[in-house]
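Shown next, in structure tokens, is the structure this report addresses.
The values are calculated or read from the model by the stated rules, or taken from the named source; none is laboratory data. Keep in mind the model is a prediction, meaning the values are calculated, not measured. Cβ sites come from the backbone with ideal geometry, for glycine too, and all protein chains shown count toward neighbours. The protein model used for the area step is the full one, side chains on, heavy atoms only, and it has no ligands, DNA or RNA in it. Shrake-Rupley method; radii C 1.70, N 1.55, O 1.52, S 1.80 Å.
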Amino acid sequence: MECPASDVIEVMRILYQKGLITVLSGNASVRCGNHFLITPSGTPKHKISELALVNLNTLEWVGPKPSIEYRMHAQFYLKSNFKAVVHAHNPMTVLLADVKPELLDPSPYVESRYAIKRIGVVERLEAGSEELALAVGREVEKGADVVVMKGHGAIAGGKDPYDALNKIEALEYLSALAIEKLKLRSQT
Ligand SMILES: [Zn+2]
């Protein structure tokens, strides 16, 4: 069973370096059969060394305390065949979801069109809550591979941690372009 913990750790470092998460926000996981390995809670994201192993069915874990969003990751795996999940607090997407959520559409740009199949959007719900996890799960069930949470961030599923990271990057790219376009329009 392939379960690349080192890829999860590397993806967190990249998210932090690219400004897609702050030092104590965001999380990533990889599926290992009926379990998933997820980043721990409270550790600076650029220096994670150990992951928590969570049982997908019982949600019991071994190792360090998992990220508070572990239920959201579990929902992603339970409602899809994705092998890895990445959650970021990417700022342009959070902004676009507030001002023009209808522009959260991957189709206009090559980057996002090839990376993302479908973007779901959920309303403001408490971070780490079961309610939020279930709302994300419902979007995944409808075919979303990326879910944007208003006032919070985005979560993406992929075939491995880099594929999920690529979706987050493509999402942030399309959001940044959409916001620049809105700004240009408002000036003319
Ligand atoms: Zn979060």
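Computed quantities for the displayed model
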{"item": "Beta bridges per DSSP with both ends in the chain, % antiparallel, nearest 5", "result": "85 percent"}
{"item": "Carbon and sulfur %, accessible surface of the chain computed with the full protein complex present, 1.4 Å", "result": "52 percent"}
{"item": "Partners for residue 167 among lysines (Cα-Cα distance below 17 Å; same-chain residues under 8 apart left out)", "result": "18, 83, 117, 159"}
{"item": "Surrounding net charge for residue 32, when Lys and Arg each add one and Asp and Glu each subtract one, Cβ distance under 11 Å", "result": "+1"}
{"item": "The chain, relative contact order [Cα under 8 Å, separation at least 6], %", "result": "22 percent"}
{"item": "Set of lysines with alpha-carbon distance to residue 150 below 17 Å, sequence-local pairs under 8 removed", "result": "100"}
{"item": "Charged-residue dipole, Cβ positions (Lys, Arg, Asp, Glu), the chain about Cα centre, Debye nearest 20", "result": "300 debye"}
{"item": "Mean accessible surface per residue for the chain, computed with a 1.4 Å probe while every protein chain stays in place, in Å²", "result": "48 Å²"}
{"item": "Peptides 75-88, 114-127 ordered by average Cβ neighbours within 10 Å, highest first", "result": "75-88, 114-127"}
{"item": "Neighbour net charge for residue 74 - beta-carbon separation under 11 angstrom, K R +1, D E -1", "result": "+1"}
{"item": "Dipole of the chain, positive direction: furthest Cα of 116, 179, 128, with charges on the beta-carbon", "result": "179"}
{"item": "Protection proxy ranking of 57-69, 5-17 - average other beta-carbon atoms within 10 Å, highest first", "result": "5-17, 57-69"}
